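Below is one structure, written out as structure tokens; comments come after it.
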Amino acid sequence: QVQLVESGGGLVQAGGSLRLSCVVSGGTFNTYAMGWFRQAPGKEREFVAGISWSGDKTDYLRSVKGRFTVSRDNAKNTVYLQMNSLKPEDTAVYYCTSRPMLIAYRTDEYDYWGQGTQVTVSS
């Protein structure tokens with residue numbers, strides 16, 4: 001059974017930074033593409049960032065490009081999301097998720113999900 005556990009969320013002022021981590025256990029991490037999604041109250045869950053199994057391909061939601069960076073450490077079975085220049089509209093529960101090999105953009109294309117971590121950005 002594959003398990004994903006996120007950490008690193010919290011409350012931060014606008015313009016601040018947070019780094020989210022997601023540790024994966026029970027599977028073959030270095031064959032998974034990893035995604036970060038977020039869900040704000042009353043909104044659908046949306047793709048934020050993704051990284052391919054090898055780490056050579058990444059992609060981002062347009063509104064976070066240049067502010068967020070996704071990376072992975074296959075030796076630690078961990079994926080990261082560095083979030084800089086945070087804005088109040090980034091407030092949401094952030095989820096990490098996995099699927100085989102390549103980045104995808106819909107929630108139904110991913111297999112396993114973490115429990116989520118809350119990110120709150122105050123103005």
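Side notes on the structure shown:
- Solvent exposure of region 1-86 as accessible area per residue, Å², 1.4 Å probe: 51
- Carbon plus sulfur fraction of accessible area for region 15-123, probe 1.4 Å, in percent: 47
- Relative to the Cα centre, the charge distribution of region 28-123, modelled as +1 at Lys and Arg Cβ and -1 at Asp and Glu Cβ, gives a dipole magnitude of about 200 debye.
- Among V48, V70, V93, residue whose mean-square fluctuation peaks in a GNM of the chain (springs only between Cα atoms under 10 Å): V93
- Region 73-110 and region 9-49 have their alpha-carbon centroids 4 Å apart.
- Straight-distance crosslink candidates among lysines, where the alpha carbon sits under 20 Å from K76 and sequence neighbours closer than 8 are dropped: K57
- Cross-link partners of K65 among aspartates and glutamates (Cα-Cα below 18 Å; sequence separation of 8 or more within a chain): E46, D56, E89, D90
- Residue-level accessible surface for R106, protein heavy atoms, 1.4 Å, Å²: 130
- Sparse packing (at most 14 other Cβ atoms within 10 Å of the Cβ) combined with a DSSP loop state is found for the following GluC sites (Glu not before Pro) in region 16-123: E44.
- FRET efficiency, 1/(1 + (r/R0)^6) with R0 25 Å, evaluated for Y105 and A75 via beta carbons: 0.35
- Net charge in the neighbourhood of Y112 (other residues with Cβ under 14 Å of its Cβ; Lys, Arg +1, Asp, Glu -1) is -3.
- At an R0 of 30 angstrom, the distance between the Cβ atoms of N30 and S122 translates into a FRET efficiency of 0.20.
The values are calculated or read from the model by the stated rules, or taken from the named source; none is laboratory data. Quick caveat, the model's predicted, so the values are computed rather than measured. As a convention, Cβ positions derive from the backbone with ideal geometry for all residues, glycine included, and neighbour counts pool all protein chains shown. These area figures cover heavy atoms from the full protein model, side chains too; ligands, DNA and RNA do not enter into them. Shrake-Rupley method; radii C 1.70, N 1.55, O 1.52, S 1.80 Å.
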